[in-house]
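The values are calculated or read from the model by the stated rules, or taken from the named source; none is laboratory data. All figures in this text were calculated on a predicted structure; none of them were measured in a lab. No Cβ is skipped: glycine too gets one built from the backbone with ideal geometry, and neighbour counts run over all protein chains shown. Ligands, DNA and RNA are stripped out before the accessible areas are found, and what is left, the full protein with its side chains, is counted by its heavy atoms. Shrake-Rupley method; radii C 1.70, N 1.55, O 1.52, S 1.80 Å.
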Amino acid sequence: MDVGELLSFKPTPTPKRPNEDDSGDSDDDHARSIKLRRLAKSKPDTSLHQLSKTLPKEPTLTDKEREDILRFVETEATEGEILDDTAVKKLVLNFEKKALKNREMRIKFPDQPEKFMDSEIDLHEALQDLSAVATVPDQYPLLVELKCINSLLELLSHDNTDISTKVVHLLQELTDVDILHESEEGAEELINALAEAESPSLLLHNLARLDEQVADERDAVHNTLGIIENITEFRPELCAEVAKQGFLQWILKRLKLKVPFDGNKLYATEILSILLQHTPENRKLLGELDGIDVLLQQLAFYKRHDPSGAEEQEAMENMFDALCCALMEPANRDRFLRGEGLQLMNLMLREKKMSRNGSLKVLDHALAGPDGRDNCNKFVDILGLRTVFPLFMKTPKRKRLLTVDQHEEHVVSIIASMLRNCQGSQRQRLLAKFTENDLEKVDRLLELHFKYMDKVDRTEKDMEQESEDLDDDAQYLKRLSGGLFTLQLIDRIILEVCTAGPATVKQRVQRVLSLRGGSLKIIRHVMREYAGNLGDDGSEEWRQQEQQHILQLVDKF
């Protein structure tokens, strides 16, 4: 029997998967062919004939055999090839030899690819073999000690992008978050090594030469973003360093590319959200890189068009979230105002497409707090009241991605921010809205007051029944998320309108409260608690002024 016949011969191996899984699983075929080659090397021809005659066609598998098969598929190693220190050292030594050989051949024959091609194939195979270490994170400290990580990062600048894309794929496997959590010590060592070597800038340098029209290179872009996600998820404080080394700029450039929507654009928006979420310096850097304008330009498409699928919808939501994060930086509020962000959000709300959900959140962030004053006055000037109050009166049902409670919270927050920040004629126009159509908006305010009062009561009863021993702050936070936050905003609007508006408004409020068993005392109590827990928004001086203003409203009320 020659080698060809031997390799084409397929006896049923002892640990066999059930037949229904056989079709369509190329990994199983690959694993089986590897095992056959090993059998071919270790057994003579006659024993293979004997083996094929004695094996049953449909063996029943024990639980242990099933576990062995799973372990074999996951690690691509038999029980006799456990990756201990010696095995890892062999893999690393083999890789280093192949890398050195390839470097020497390329230097010796720079213009003769046929001379160094074999060494390049060997290097590629050595990188493939190293991927087995990704299944044993306990060995990561040894990889770092042997300087293997530095050698891998050096190969990111290899002239052949097939090699650099293979390295990216390997690094993505090594940094997989699920794997990292299996060994805290190994993960710490690996992430430290990547951070010290400034791996984001090296990955970025490789990204610049990749052509996403080529499938392998497109996958390498995706894997690069995967590495960034993995290391920032495991160690969030690296977000600032990743952005500083150029990734924020690359993401903005990638978003501006005029190419059909794909998975890499989605992934880029996800990484953008991650980098901005808890890192104030990145929000500042985004503004300096004209990122507010880039996000507004990208979102403008969705003013009159809905996303074409679930992935594009997710990308749109990620960009809205990124814009919300960016607006927490005061300087970005001015950029948003100058870039006509208010006009775009207002148009999105009127167009009634999916984008109005995100635009409502962005408006809430743009108008909130002491830094939202200019935006509040401008929003009234561009006739934003005509857009917001219909949403206040009735929560839309079509194309609503937010829940009813989320939608009501954002709308009420926008109105409360305008009452807090608007001055002069803009404030008068806002107050006048509550006197229109026989005070219908006052009735709606009280309807929402009772709705959220009931929600808070239910939350408090649930907390009493639960056995959790929470401190005062934890209890307050739980009540806030259980409806108290929205109730505070609603009652704040009631106070402002009753105090600054005509007497008929307060009379209507008192009449409706008495009819439904409510009282002014409850509203006063809610607002006093609110005044005592203003949080850390704005400066200390602003918080004191705000507290004093609310308590004055309560006294007048």
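From Cα pairs below 8 angstrom and at least 6 apart in sequence, can you work out the relative contact order of the chain, rounded to a whole percent? Could you put the intermediate results ahead of the total?
Numbers: 544 pairs, mean separation 38.1, N = 557.
Once divided by the residue count of the chain, the mean separation gives 7 percent.
What GluC sites (Glu not before Pro) in region 458-557 are in a loop by DSSP, with at most 14 other Cβ atoms within 10 Å of the Cβ?
Details: sites: Glu460, Glu464, Glu466, Glu468, Glu496, Glu529, Glu540, Glu541, Glu546; in loops: Glu466, Glu468.
Sparse-neighbourhood loop GluC sites (Glu not before Pro): Glu466, Glu468.
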Rounded to the nearest percent, how much of the accessible area of the chain (1.4 Å probe, protein heavy atoms only) is carbon and sulfur?
48 percent
What angle do you read, to the nearest 10 degrees and between 0 and 90, between the alpha-carbon axis of helix 540-556 and the longest principal axis of the chain?
40 degrees
Of Lys89/Lys147; Lys256/Lys378; Lys506/Lys556; Lys521/Lys556, which sit over 18 Å apart, Cα to Cα?
Lys256/Lys378
Filter the trypsin sites (Lys or Arg not before Pro) in region 113-199 to those in DSSP coil with at most 13 other Cβ atoms within 10 Å of their Cβ, and list the result.
Lys147
Grab every C-alpha pair in region 80-173, bin the distances at 5 angstrom width from 0 up to the longest one, and report whole percents.
2, 14, 25, 25, 16, 10, 5, 2, 0
Equivalent ellipsoid semi-axes, region 83-234, via Cα gyration tensor eigenvalues times 5, rooted, Å
25, 19, 12
Trypsin sites (Lys or Arg not before Pro) lying in DSSP loop within region 215-265, provided at most 12 other Cβ fall within 10 Å
Lys258
Taking the Cα atoms of the chain, what is the range of coordinates along each of the three principal axes, in descending order and whole Å?
104, 58, 42
Find how much the distance from Asp374 to Gln545 grows on full extension, using 0.36 nm per residue of separation minus their present alpha carbon separation; answer in nm with one decimal.
59.7 nm
Label-point separation (nm) for Asp159 and Glu188, each offset 7 Å from Cα along Cα-to-Cβ?
4.3 nm
Projecting each Cα onto the charge dipole of the chain (Lys/Arg +1, Asp/Glu -1 at the beta carbon, about the Cα centre), which of Ala134, Gly263, Gly226 comes out farthest on the positive side?
Gly263
Contour excess over end-to-end distance, with Cα ends at Leu477 and His181 and 0.36 nm allotted per residue:
103.6 nm
Take the Cβ-Cβ distance between Thr86 and Glu114 as r, set R0 to 35 Å, and report the resulting FRET efficiency rounded to the nearest 0.05.
0.45
When the helix-only estimate is applied to the chain (DSSP H runs of n ≥ 4, each -39,500 (n - 2.57), divided by the residue count), what is the mean residue ellipticity at 222 nm, nearest 500 deg cm²/dmol?
-22500 deg cm²/dmol
Over region 83-234, with neighbouring protein chains present, the accessible area per residue in Å² at probe 1.4 Å is 48 Å²
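Ranking request for peptides 514-522, 182-190: highest mean number of other beta-carbon atoms within 10 Å first, then the rest in descending order.
Top of the packing list down: 182-190, 514-522.
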Roll a 1.4 Å probe over the protein chains and send me the accessible area per residue for region 263-359 in Å².
40 Å²
Kindly identify region 211-308 as rounded, prolate or oblate by the Cα gyration tensor criterion: order the square roots of the eigenvalues as a ≥ b ≥ c, call it rounded if a/c is under 1.5, otherwise compare a/b with b/c, prolate if a/b is larger, else oblate.
oblate
For helix 161-174, report the angle its Cα long axis makes with the longest principal axis of the Cα atoms of the chain; keep it between 0 and 90° and round to the nearest 10°.
70 degrees
Alpha-carbon Rg/Rh ratio, for region 487-547, with Rh computed the Kirkwood way
1.05
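Taking R0 as 25 Å, what FRET efficiency do you get between Arg66 and Glu96 from their Cβ-Cβ distance, rounded to the nearest 0.05?
With R0 = 25 Å, the Cβ-Cβ based efficiency is 0.10.
On a full-extension model of 0.36 nm per residue, what is the gain between Phe234 and Asp216, subtracting their alpha-carbon distance, rounded to one decimal in nm? Before the final figure, lay out the partial values.
On the way: separation 18, 0.36 × 18 = 6.48 nm, distance 2.66 nm.
My answer for the length gained is 3.8 nm.
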Report the label-to-label distance for Phe261 and Glu311 in nanometres (one decimal), using points 7 Å from each Cα along the Cα→Cβ vector.
1.0 nm
For the chain, the longest principal axis of the Cα atoms and the Cα long axis of helix 341-351 enclose an angle in degrees, to the nearest 10, of 90 degrees
